Amino acid sequence: MSFIPITSVVIGPEEEAAVLEVLRSGKLAQGPVVAELERSFAELCGVPHAVAVSNGTVALVAALEALGLGPGDEVITTPFSFAATLNAILESGATVRFADIRDDFTIDPESVRALVNERTKAIMPVHLYGLPADMPALTAIAEAAGVRIVEDAAQAHGARIGDRAVGSFGVGCFSLYATKNLQCGEGGLITTADDAVADRLRLLRNQGMRVRYQYEVPGHNWRLTDLQAAIAVPQVGRLAATTARRAANAERLTAGLAGLPGLATPTVPEGRGHVWHQYTVRIGADAPLTRDDLGKRLEQAEIGYGLYYPRLMHHYDCYVGHPRIAADATPRAESAATQVLSLPVHQHLSEGEVDRIVAAVRGAFDA
Ligand SMILES: *Cc1c(COP(=O)(O)O)cnc(C)c1O
């Protein structure tokens, strides 16, 4: 019986050939391969611009800076995310407000609406686990309030609402980190339909230069390299197939796990296209075992799992009392953090492996 990991990275011959070509060109920094990645990813998202940067956290920071956010401004986001979401807002100088979540684990628009005030400058939904947040409702709130939307789409490459891709509703921020659905070790992409925002992002990324040594704004070095882009480009072409395999695994897991007392399998609201970065179940108070018991049983069965995320970001000591984090109450998010567990769903699983995961979970519930 071999271990089934929660993520599995397989770099194939297409990526190898593309990287070798860059190595042999002698031009390793940002160049034509980054431009090709930007072109293909913008097309995938149905937007005119994608700007590549060094990682997903930088994508969020760059989006906020390009929109002119800073001290005194408020950004409303979800507390149920990876720390990068919070850190990026803090890095921008803005203040963080937290809205609560829905049963699908994405930000609740009603809770967002209650937090909007004259200091609000942006709403930052997270398409958690690959499920798009309720963008139609959030877009309506943002438009009424005259605030921007920055989508944390780090986990949601190619996810859709109807025929619209995430990253097309606001400024979209994607990660190409090693474990994401599209990955090159480290990398990020920012999508936008706003020409001025795209232009500013390109300036900020390259020390404020459009032309060498002609500094137009104080900038940064946020560039991605052609070496990294070469790993990502072939994956953009395969993304639809990768997502389809993940979706098939999710469907098989959901069918197999039906009917277990206190176990909630993921819900996908009507019209939303989940890309299954994670397959996350919830072990309720009425289940015969706790989330941590289930984790132990999975370990014994040689099955990897993840807790995304075991605590709300701002509940860690290093953030408590931070002057730019408002202590908004989010009881549903707090409860979710104690009950979620993610099972392997990646595209390299065989049906037999999916069945082994189902059997292990069912066995834990029956014991
Ligand atoms: C991975 C991730 C990020 C950050 O991306 P990096 O490329 O690791 O910097 C931001 N937000 C969420 C929700 C993520 O999962």
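The values are calculated or read from the model by the stated rules, or taken from the named source; none is laboratory data. Predicted model, so just to flag it, every value in this text is computed and none were measured. Neighbour counts are summed over all protein chains in view; Cβ atoms, including those assigned to glycine, are modelled from backbone coordinates with ideal geometry. What goes into the accessible areas is simple: the full protein's heavy atoms, side chains included, and nothing from ligands, DNA or RNA. Shrake-Rupley method; radii C 1.70, N 1.55, O 1.52, S 1.80 Å.
Per-residue 3J(HN,Hα) values for the range 187-193, derived from phi via the Karplus relation 6.51 cos²θ - 1.76 cosθ + 1.60 with θ = phi - 60°, read x, x, 9, 10, 10, 7, 9 Hz in sequence order (x marks Gly and Pro). Counting only protein heavy atoms and a 1.4 Å probe, the range 13-235 has 38 square angstrom of accessible area per residue.
Dipole magnitude for the range 13-235: about 560 debye, using +1 per Lys or Arg Cβ and -1 per Asp or Glu Cβ, origin at the Cα centre. Residues whose amide H falls under 5 Å from that of H49, counting only those 5 or more places apart or on a different chain, are T192, with hydrogens built in the peptide plane.
Largest accessible area first, the listed residues Y305, Y319 line up as Y305, Y319 when surface is computed with a 1.4 Å probe on the assembled protein chains. For the chain, carbon and sulfur atoms together expose 53% of the accessible surface, with a 1.4 angstrom probe and every protein chain in place. For I101, the residues whose modelled amide H falls within less than 5 Å of its own, excluding neighbours fewer than 5 places apart on the same chain, are D108, R332, A333.
The heavy atoms of F82 offer some 110 square angstrom of accessible surface to a 1.4 angstrom probe.
Karplus-derived 3J(HN,Hα) values for the range 269-286, using 6.51 cos²θ - 1.76 cosθ + 1.60 with θ = phi - 60°, are x, 3, x, 9, x, 7, 9, 6, 4, 10, 10, 10, 9, 10, 9, x, 5, 8 Hz; glycine and proline are entered as x.
For GluC sites (Glu not before Pro), the sites in the range 95-185 that DSSP calls loop and that have at most 14 other Cβ atoms within 10 Å are E118. Across N181, N249, N117, mean-square fluctuation computed from a Gaussian network of the chain (C-alpha pairs under 10 Å connected) peaks at N117.
Could you check what % of the DSSP bridge pairs in the chain are antiparallel, to the nearest 5? About 60 percent, rounded to the nearest 5. The trypsin sites (Lys or Arg not before Pro) of the range 58-134 that DSSP puts in a loop, and whose beta carbon has at most 14 other beta carbons within 10 Å, are R119. For A122, the residues whose modelled amide H falls within less than 5 Å of its own, excluding neighbours fewer than 5 places apart on the same chain, are E74, I76, R148. Legend: residues C184, C318, sorted from most to least accessible area (1.4 Å probe; ligands, DNA and RNA excluded), read C318, C184.
Toward the positive end of the charge dipole of the chain, with +1 on the Cβ of Lys and Arg and -1 on the Cβ of Asp and Glu, the farthest Cα among Y309, A153, I141 is that of A153. The residue among N221, L131, T85 whose Cα reaches farthest toward the positive pole of the charge dipole of the range 13-235, with charges on the beta-carbon of Lys, Arg, Asp and Glu, is N221.
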